[in-house]
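Undergrad: Please see the structure below; I have some questions.
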Amino acid sequence: MSESFARSWSAYLTDQDRAVLGATSWAKREPFGLGTKAAVLAVDLYYAALGARGVDVVTAVRDWPSACGPQGWDAVDRTAPVLDAARAADVPVLYFHAAPPELGRWNRKPAKGVNPVDPVRGNTIVAEVAPEPGDVVIRKTGPSAFHDTPLDTVLRSRGVDTVLVCGEATSGCVRSTVVDACSRGYRVGVVGDCCFDRFEASHWVSLFDMDQKYADVLTASETIAWLKGSS
């Protein structure tokens, strides 16, 4: 884990939080570790989650209500080489996204409040990290990539014991996917600088929580190095 991650999420912890971390044996002291056969899970990397490139997030959400703005595009740019490294190492890359008609009870907000100005483009995976031949694309109906999808079956059929998760939103679909992966016995890496959220506090506190309980939070560079070593 990068020290920069720890410094960033530490800014959102209270003095009591830090005292508890220092006092309890429950606090994470060493990485949980990854396994030997991985898959990369790229969650919700579609235009509606990002908005227009080159504008601040407050401007972006006017046309794309669920946009995460520049921090999202920065994460996408870091994600592309991670996906390339996975493919080069023969590590499966799986994409997940949902279209509005399939959201069901998950989406509790009025359609006017969440639908982008261009729904077709909005629900398209961005070109910078578009799926390539051999990648898997799965549509989901809930926050977790595991919920009511064939993901678990696909992973087990390939002998996968480790998932490397990136995408959006750190506090929502990424986190729920990470918790479900841990609950199913997978080792989990969260590519922290390839995750993004429209709220900074939610992003950093979620990374902290996932690192403490369910996963090892890694940088894109650390993930690429691990992928190269696994091939």
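Nothing in this text is a laboratory measurement; each read-out follows from the coordinates by a stated rule. Predicted, not measured: the structure shown is a model, and the values here were computed from it. Neighbour counts run over all protein chains shown; Cβ positions are idealised from the backbone, glycine included.
Undergrad: What residues qualify as long-range amide H neighbours of I138, i.e. H under 5 Å apart, gap of 5 or more or another chain, H built at 1.01 Å from N?
TA: Correct list: Y95, F96, H97.
Undergrad: A further question follows. Can you tell which of Q71, Q16, Q212 shows the greatest fluctuation in a Gaussian network model of the chain with Cα springs below 10 Å?
TA: With Cα springs under 10 Å in the chain, the top fluctuation among Q71, Q16, Q212 is at Q16.
Undergrad: Using the count of nearby Cβ atoms within 10 Å as a rough guide to exposure, how do T141, T223 rank from fewest to most?
TA: Final ranking by Cβ density, sparse to dense: T141, T223.
Undergrad: Quick one: 3J(HN,Hα) in Hz for the range 20-27, Karplus 6.51/-1.76/1.60 with θ = phi - 60°, rounded, Gly and Pro as x.
TA: 5, 4, x, 9, 8, 6, 6, 4
Undergrad: Output ³J(HN,Hα) for the range 125-138: one whole-Hz value per residue in order, computed from phi by the Karplus curve 6.51 cos²θ - 1.76 cosθ + 1.60 with θ = phi - 60°, and x for Gly and Pro.
TA: 5, 5, 4, 4, 10, 4, x, 10, x, x, 6, 10, 10, 10
Undergrad: Under 5 Å between amide H atoms, partner at least 5 residues away or on a different chain: which partners does D193 have, H built in plane at 1.01 Å?
TA: Hits under the 5 Å cutoff: A220.
Undergrad: Return, in residue-number order, each cysteine of the chain whose C-beta is not under 4.7 Å from any other cysteine's C-beta.
TA: Lacking a cysteine Cβ partner under 4.7 Å: C68, C173, C182, C195.
Undergrad: Can I ask one more? Would you mind checking which residues have amide H under 5 Å from L34's amide H? H placed 1.01 Å from N; only 5 or more apart, or other chain.
TA: Residues meeting the criterion, in which the H sits 1.01 Å from N, do not exist here.
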